[in-house]
Amino acid sequence: MIAIIGNGKGGQLIAHYFNNKKDSILGESCGFEFFDDFKGTPIKKIPDGYKLIISSSNMSFRREVFTKFNRERFINVDRSNNPMQPMGVGNLIFPNVHFDCFSEIGDNNVISNGTIINHHCKVGSGNLFGPGCLLSGSVIIGNNCTIGSGVIFEPNVVIGDNVTIASGSVIVNGIVSCSAVMAIKKLESSSVYQGNRTIKTRKK
């Protein structure tokens, strides 16, 4: 059996995914059950033999739950175009995600629809990617980062841990741990974000 942790919209989407597959994620016929501290059976009542999926994209909640159970109990929900190896456990991968060769990701990441992770990229654990992100070749992402929608990473940049990057940013240099990159939208100009600095490039 599989325990889907979270009975909200995310949990319902995963249940729909199960119901439309002939075989389960475990590769064998297998049922699932919802567990949720807010509505339904509490998480602490998950039987020992159940495999685990966290349906929520709330990263604080995901990290808290991930620390409560043995890592080996978590399984991936990988709905990408081309499943990638090596991959850790507990990852939630949405449709239309593309992984290129020689890339790898850690544990408990949420990678949203339309994200492209190119060759030789390394993604750590506990990261959230918004829709439509692009990692060019040989990008390294640390742990516990929050990356907004449509962020573009130029090749070879290295991102530290606990970094927050606003939607629409273009990252051309590395970013040290515990930094925030805030996109400032101005109608009269186009900007490139270099590390945690904003560089005005040209008038529109």
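The values are calculated or read from the model by the stated rules, or taken from the named source; none is laboratory data. Note that the structure is predicted; figures quoted are calculated from it, not measured. Virtual Cβ from ideal backbone geometry, glycine too; neighbours counted across all protein chains shown.
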All positions within region 94-115 that are surrounded by fewer than 17 Cβ atoms within 10 Å (Cβ to Cβ) and either assigned to a strand (DSSP E or B) or among the aromatic types (Phe, Trp, Tyr) (or both): His98, Phe102, Glu104
Residue list for region 121-135, restricted to those being part of a strand (DSSP E or B), surrounded by 22 or more Cβ atoms within 10 Å (Cβ to Cβ) and under 8 Å from the mean Cα position of the chain (by Cα): Phe129
- prompt: In the list Val89, Val110, which residue meets the criterion of being aliphatic (A, V, I, L, M), under 26 Å from Ser149 (Cβ atoms) and in contact with a Ser or Thr (Cβ under 7 Å, 6 or more places away or on another chain)?
  reply: Val110
- prompt: Restricting the search to region 66-101, which residues are under 15 Å from Ser55 (Cα atoms) and hydrophobic (A, V, I, L, M, F, W, C)?
  reply: Phe66, Phe74, Ile75, Val77, Val89, Leu92, Ile93, Phe94
- request: Take region 36-57 and flag every residue that is within 22 Å of Gly88 (Cβ to Cβ) and surrounded by 10 or more Cβ atoms within 10 Å (Cβ to Cβ).
  value: Ile43, Ile46, Tyr50, Lys51, Leu52, Ile53, Ile54, Ser55, Ser56, Ser57
Members of region 58-70 found to be in a loop (DSSP other than H, G, I, E, B) and either buried (at least 17 other Cβ atoms within 10 Å of the Cβ) or among the basic types (Lys, Arg) (or both), listed by number: Lys68, Phe69
- prompt: List pairs: first in region 71-89 and outside any loop (DSSP other than H, G, I, E, B) and aromatic (Phe, Trp, Tyr), second surrounded by 13 or more Cβ atoms within 10 Å (Cβ to Cβ) and modelled with pLDDT of 90 or more, Cβ under 6 Å, 6+ apart or cross-chain?
  reply: Phe74/Leu52; Phe74/Val89; Phe74/Gly90
